[in-house]
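S.K.: Quick one: this structure, given as structure tokens, is what I'll be asking you about.
The values are calculated or read from the model by the stated rules, or taken from the named source; none is laboratory data. What you see is a predicted model; the values in this text were computed from it and never measured. So basically every Cβ, Gly included, is an ideal-geometry build from the backbone, and we count neighbours across all protein chains shown.
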Amino acid sequence: MKIAIVNWQDPAHPYAGGAEYYLWEYFSRLAPRHEIHWFGARAKGMPAVERGKDGITYHRMGPWHIANFTVPLLYARWRRRHRPDVVVDSITKVPTFLPLFERDVPVVTFVPHLFGETAFQETNPVLASYVVLMERPIPRVYRPTPFIAISESTRQDLIQRGVPPENIRLFLPGVDTERYTPGEKSPTPLVVYLGRMKRYKRVDLALQAFRRVFQEVPGARMVVVGGGDYLEALKKNARNLGLGDAVTFTGLVPQEEKIRYLQQAWVLVNTSPKEGWGMVNTEAQACGTPVVAFDAPGIRDSVRHGETGFLVPWGDVEGLARAVVRLLRDDKLRRSFARNARTFAESLSWDRFALELEAYLQELIRRHRQVPSPGGR
């Protein structure tokens, strides 16, 4: 197969996130057997065209903030001389509406999650309104295309917006259980938050919950791992809460250090109001670390309530704190959850899921080629 991926950015872009990680995990496994081209925005210092060590060819053009306009143009320019067998149109920020001008080959629409009203929690009302308005035509423009959703939450969101259920296939994220493995726990109670420091992630609520945890478990510590434009505001927030040395902010850390924090943690906390899946949850669980999180779309798919962690109503800071305290105090329960968490993570195989995706794309190509042209030819 010759596969084209149209996405806002590729995994090497400084703004790459979970969606790029998901796509790369799948398609890097297919690259040894297929020709794959990835089209995305170009950051400073990045080559316009690059053949990656993973076997994927990356094509880049234009700044990140207008990638929904420039990246389709980049694909169209390449398309004049090349014909893919299938195109993966990834809706990771706002849609590119690729099906409007790509009619000759099948287009598969990949959706980690749509923002909806949560956009107003991250950016100003003008940009948030733009995102919401751009999402509204998705069911109409993309209606003829098959959809790939990464969680049942995203699937239900698409159905509620008008996408036919029969058009949606689930391909869950996997986790590398050889790299993410249980390790030595911190000798003192350790709560970890790991993710990008963005306003909409609501890390401020995790800090508020930890203040209550610290009052109940005085020896507890919290480490906040990750970087982003909201980091300094969160540091100030922690000082205002009087948390002092009980909370450490690491900023961005190398991958191996990230894994060590997940291994050392007694509990991972996740306060996001919406995710496609919440891959940090399954990475933590692969490390034998239970998760306490708000019961939010995507998050509820990646945590098994009462088995691998606890889900509490979104925004219930007191409930979040109580759940964390319970796990910190109850060694037997925490170890039981840790075993369940590892078992759950082991059921999520990138290799197996990639083979299933490969077969699905091949079937879509076969079906597309069997459809008669309008003229009956």
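S.K.: So which residues in segment 159-171 are over 20 Å from Leu364 (Cα atoms) and of a type in the set (A, V, I, L, M, F, W, C)?
M.R.: Ile159
S.K.: Could you say whether any residue in segment 280-295 is acidic (Asp, Glu) and assigned to a helix (DSSP H, G or I)?
M.R.: Looking through segment 280-295, at least one residue is acidic (Asp, Glu) and assigned to a helix (DSSP H, G or I).
S.K.: Does Ala48 satisfy the criteria of being modelled with pLDDT under 95 and out of contact with any Leu (no Cβ under 8 Å at 6 or more places or on another chain)?
M.R.: Judged against the criteria, Ala48 is not a match.
S.K.: So, Ala354, is that one at pLDDT 95 or above, of a type in the set (A, V, I, L, M, F, W, C) and assigned by TED's automatic domain parsing to the domain that holds Glu216 or not?
M.R.: No.
S.K.: Would you please name the residue that is surrounded by the most Cβ atoms within 10 Å (Cβ to Cβ), looking only at residues in segment 214-257 that are on the phi > 0 side of the Ramachandran plot and in a strand (DSSP E or B)?
M.R.: Among them, the one singled out is Gly226.
Conditions (1) surrounded by 17 or more Cβ atoms within 10 Å (Cβ to Cβ); (2) in contact with a Pro (Cβ under 9 Å, 6 or more places away or on another chain); (3) free of Cβ contacts under 8 Å to residues at least 40 places away in the same chain, marked per residue:
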| site | (1), (2), (3) |
| --- | --- |
| Glu50 | no, no, yes |
| Gly55 | no, yes, yes |
| Trp64 | yes, yes, no |
| Arg77 | no, no, yes |
| Pro84 | yes, no, no |
| Asp89 | yes, yes, no |
| Thr92 | yes, yes, no |
| Leu98 | yes, yes, no |
| Arg103 | no, no, yes |
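S.K.: Examine segment 345-352 for a residue that is free of Cβ contacts under 8 Å to residues at least 40 places away in the same chain, part of a helix (DSSP H, G or I) and crowded, with 16+ Cβ neighbours inside 10 Å, and state whether such a residue exists.
M.R.: No, the conditions are met nowhere in segment 345-352.
S.K.: Considering only residues that are of a type in the set (A, V, I, L, M), in a helix (DSSP H, G or I) and in contact with a helix residue (DSSP H, G or I) (Cβ under 9 Å, 6 or more places away or on another chain), which ones fall in segment 128-168?
M.R.: Ala128, Val131, Val132, Met134, Ile138, Val141, Leu158, Ile159
S.K.: Here's another thing I want to ask about it. Looking at Arg179, Arg211, Arg196, can you tell me which residue is surrounded by fewer than 20 Cβ atoms within 10 Å (Cβ to Cβ), assigned to a helix (DSSP H, G or I) and outside the structural domain of Leu364 (by TED's automatic domain parsing)?
M.R.: Every option except Arg211 fails the conditions.
S.K.: Name, by its number, the condition in (1) under 18 Å from the mean Cα position of the chain (by Cα); (2) within 25 Å of Phe147 (Cβ to Cβ) that does not hold for Ala67.
M.R.: If we test Ala67 against (1) under 18 Å from the mean Cα position of the chain (by Cα); (2) within 25 Å of Phe147 (Cβ to Cβ), just (1) comes out false.
S.K.: Right, next: Does segment 158-176 hold any residues that are surrounded by 18 or more Cβ atoms within 10 Å (Cβ to Cβ) and out of contact with any strand residue (DSSP E or B) (no Cβ under 8 Å at 6 or more places or on another chain), and which are they?
M.R.: Leu172, Pro173, Gly174, Val175
S.K.: Being in a loop (DSSP other than H, G, I, E, B) and closer than 27 Å to Asp104 by Cβ is the filter here; which residues of segment 1-31 pass it?
M.R.: Met1, Asn7, Trp8, Gln9, Asp10, Ala31, listed by residue number.
S.K.: Mind checking which residues of segment 240-289 are within 19 Å of the chain's Cα centre (by Cα), under 26 Å from Asp301 (Cα atoms) and hydrophobic (A, V, I, L, M, F, W, C)?
M.R.: If the condition is that a residue be within 19 Å of the chain's Cα centre (by Cα), under 26 Å from Asp301 (Cα atoms) and hydrophobic (A, V, I, L, M, F, W, C), then Ile259, Leu262, Leu268, Val269, Trp277, Met279, Val280, Ala284, Ala286, Cys287 are the ones that fit.
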